[in-house]
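Each remark here refers to the structure printed beneath this line.
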Amino acid sequence: MKLADLDFSFPEELIATSPQRPSRVMWVEGGVPQEITLQELMARIPAGDVLVVNNTRVLKRRVFAGDVEILFLKQTSAMDWEVLFPSKKYKVGASLELPLGVTMTLVEKGRPQKVRLNQEVSEDYFQKVAELPLPPYIQKAREQRHTVDADESWYQTAWAKTPGSFAAPTASLHFSAQDMEALKAKGVALCEVTLHVGLGTFLPVTAEDLNDHDMHEEYVEVSAATWAVVNNARKNGHKIWSLGTTTTRSLESVGNGLLQGNPEEGFRGFTKLLIQPGYQFRVVNRLLTNFHQPQSTLLALVAGFSSLETVKACYHWAIERKFRLFSYGDLSCWTETKQ
């Protein structure tokens, strides 16, 4: 698939800078979009079907050194880290002063960069000085680089419990804990997986052909209990509803044998699964997801689930009707795969 095939235009004012509840929902069935309410969507998930969510929690790892923004990605030793920051004007050996007396020295350039701190920092340090890594397009649309207080709750799901992500599984932001209880009460099975969203979410796709794109690996866990519920439901003719692209990639990574483990002990490991048109889905029957950015692997996944022609036509329909876009935007539901 060519990256240019995933392009589309949209008015900048449709970029959502805060959540709007209840969300609007675009329901796509037979390639035809229609708008339904969130309550109508929940009513369409029948008893016996399974809804799978991602329980990852977003880390506060965005630290400012003056006006320089540094995203702390991975600790490699007591004082050594991999980070992402605009390093073009800095030479190896250059230092930046971070809050609370911490000094960061650039050790190696690249993506990500390698840096060394003058002292060890703990989770407590990040809780004091860091911000959530809100997507840059939200910062730009707000004309404000720093988060607002409300982002602390807006940008975490109601079931976020396993720390490790650099971005929220945003499809889950549309639902409350009460919504999930209502689904359980009517007989829908709810299951959790963990996928920690990684560096790839912040880096643009540069390859002209997606087949040449190197996906950044992301850590996944799918428990034996979750896999048993999913498998039993499928054997009994029920559908698997995946809440978000991260959940979809988690389930399909197991279905493709990409993780370590087995059905008795569960599955875990790192995945680099890229889903695009031509991919054969093995697990997921229904996809709930936000509206995604042009030229993104997330949009490619939706096109792989439906078809590129259908997705572009439905996005055009939604944009004409002023659906709100991206992380804080509205929800889409794709009810069938192309095959």
Quiz item: Picking from Ser250, Ser223, Ser242, which residue would you name as being of a type in the set (Gly, Ala, Ser), buried (at least 21 other Cβ atoms within 10 Å of the Cβ) and under 18 Å from Gly164 (Cα atoms)?
Solution: Ser250
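So which residues in the range 122-146 are over 19 Å from Glu13 (Cα atoms) and touching a residue at least 12 places away in the same chain (Cβ under 8 Å)?
Step one: of the range 122-146, the residues over 19 Å from Glu13 (Cα atoms) are 122-133, 146.
Scanning the range 122-146 gives Tyr125, Phe126, Gln127, Lys128, Val129, Ala130, Glu131, Leu132, Pro133, His146.
Residue-wise test of (1) of a type in the set (A, V, I, L, M, F, W, C); (2) at pLDDT 95 or above; (3) not in a loop (DSSP other than H, G, I, E, B).
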position	(1), (2), (3)
Glu264	no, yes, no
Arg268	no, yes, yes
Tyr279	no, yes, no
Val284	yes, yes, no
Leu287	yes, yes, yes
Quiz prompt | One residue from Arg145, Arg111 being of a type in the set (Lys, Arg), outside the structural domain of Gly269 (by TED's automatic domain parsing) and either in contact with a Phe, Trp or Tyr (Cβ under 9 Å, 6 or more places away or on another chain) or buried (at least 20 other Cβ atoms within 10 Å of the Cβ) (or both) | solution = Arg145
Quiz item: Within the range 293-314, how many residues turn out to be closer than 19 Å to Asp212 by Cβ and part of a loop (DSSP other than H, G, I, E, B)?
Solution: 3
Quiz item: In the range 27-42, what residues are more than 19 Å from His316 (Cβ to Cβ), hydrophobic (A, V, I, L, M, F, W, C) and loosely packed, with under 13 Cβ neighbours inside 10 Å?
Solution: none
Quiz prompt | Unmet requirement for Gly304, which otherwise passes all of (1) surrounded by fewer than 19 Cβ atoms within 10 Å (Cβ to Cβ); (2) closer than 30 Å to Lys140 by Cβ; (3) without any contact (Cβ under 8 Å) to a residue 40 or more places away in the chain; (4) of a type outside the set (Lys, Arg) | solution = (1)
Quiz item: Within the bounds of the range 52-63, is there any residue that is of a type in the set (S, T, N, Q), touching a His at 6+ places or on another chain (Cβ under 7 Å) and assigned to a strand (DSSP E or B)?
Solution: yes
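The values are calculated or read from the model by the stated rules, or taken from the named source; none is laboratory data. This one's a predicted model, so the numbers in the text were calculated from it and none came from an experiment. Neighbour counts are summed over all protein chains in view; Cβ atoms, including those assigned to glycine, are modelled from backbone coordinates with ideal geometry.
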